[in-house]
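This report concerns only the one structure given below.
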Amino acid sequence: MLLLEGIAQIELRKHYIPEAELVVWREGNMRRRDKRVASCSGGVEEPGMCGHSSRGKRETSGRSLRGSEAAMTEARGKVDSRNPGVNSPEESDGNMVPEKSANKGEATPAELMEGKTPTERNSGQEAACRAQNRESASIGLARVRQRAEADKGARFNNLFHFLKVDLLRASFYELKRNAAPGMDGVTWQVYEQTLEERLPELEHELHIGSYRATPARREYITKDDGRQRPLGIMTIEDKVVQQACVTILNEVFEPIFSGYSYGSRPGRSQHDALDALHEGIIRRKISWILDCDVEGFFDNLSHDHLLSFIEERVTDKRMLRLLRKWLRVGWIEDGKRHPGTIGTRW
């Protein structure tokens, strides 16, 4: 929302015009019309509306109506219809003209005044639809986080519906663009060429249950001690869906993580952990430091235990089914497929 500051207040100036008193015959009853016609600088507008209307005034010509002529025109417009001047040739079809300047009426304001587009001319509605969808998704995920923070024991059973085109698109652009391709050989740049055509299809496949995960391509990287560590490379499309699920699940689990936890968390890294350790050593009296590592943790992680932890807060069956697909899809090495039975690093 754009907040405009320093808007000058408009002083109301009301004048009594004797000849503006009218008696209107409508539906067999005599009704007395308003005696007051408020006048603004630059023309005569509706009675009692000067300086109070939240609507912008339509552009009209410099000709002003005064006295009984203004009152008669006003009354006739209100009797004939509830929309005065709706058929007036004086009304423009363009944007509404704002009533007040953005910067106290200066000759060259720093902020330009913005008009208002009439509803019947809302040509930007289709263009704004995508941004509105992104905003509604962000609001929905923010509410998930608020509930997760307020109730540490809350369980969520309707997270899968957040897997929509806008979240998938945002997840795609969060991926590393120079990452190695998966089994299909499709790179980030190649997938981007048909992104807008493919994302609606991917969303549909996810929601009808026809989405199929692709086995990872097994590669090995050499560790500092000379040992080979296996690495599974997923396809770009699987990475997109996985990143979208990470975004959703982060809103559920981030609020319950400890402040001294830094592993695989958004906005945190091993460098942040080292900085926190340094500050702790300098500011507090430390007698000893324990440095340890769980060997092969991700290679030997039980799928059942992992899912049981997730189910403590997530009861959405479709989301859990999708996670199981990735755990069990396995990898392909030397042309042979290996099913995933244990571990998360193939």
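The values are calculated or read from the model by the stated rules, or taken from the named source; none is laboratory data. Every value quoted in this text rests on a predicted model; they were computed, and no experiment measured them. FYI the Cβ positions are ideal-geometry reconstructions off the backbone, even for glycines, and counts take in every protein chain you see. Ligands, DNA and RNA are stripped out before the accessible areas are found, and what is left, the full protein with its side chains, is counted by its heavy atoms. Shrake-Rupley method; radii C 1.70, N 1.55, O 1.52, S 1.80 Å.
Of the residues in segment 175-197, not one is on the phi < 0 side of the Ramachandran plot, surrounded by 13 or more Cβ atoms within 10 Å (Cβ to Cβ), of a type in the set (Gly, Ala, Ser) and in a helix (DSSP H, G or I). Could you go through segment 190-199 and let me know if any residue there is closer than 28 Å to residue 253 by Cα and modelled with pLDDT of 95 or more. Looking for residues that are closer than 28 Å to residue 253 by Cα and modelled with pLDDT of 95 or more, one finds at least one in segment 190-199, hence yes.
Could you please give the count of residues in segment 198-243 that are open to solvent by less than 20 Å² (accessible area, probe 1.4 Å), assigned to a helix (DSSP H, G or I) and more than 22 Å from residue 317 (Cα to Cα)? Number of matching residues: 2.
In segment 229-253, the residues that are in contact (Cβ under 8 Å) with a residue 40 or more places away in the chain and closer than 15 Å to residue 186 by Cα reach residues that are among the hydrophobic types (A, V, I, L, M, F, W, C) and part of a helix (DSSP H, G or I) with C-beta atoms within less than 8 angstrom, at least six apart or across chains, in these pairs: 236/172; 236/188; 237/202; 238/326; 240/168; 240/172; 240/202. Can you confirm whether residue 287 is of a type in the set (Gly, Ala, Ser), assigned to a helix (DSSP H, G or I) and either under 20 Å from residue 263 (Cβ atoms) or out of contact with any Leu (no Cβ under 7 Å at 6 or more places or on another chain) (or both)? In short, no.
Residues in segment 294-338 that are acidic (Asp, Glu), open to solvent by less than 80 Å² (accessible area, probe 1.4 Å) and in a loop (DSSP other than H, G, I, E, B): how many?
Residues that pass the stated criteria total 3.
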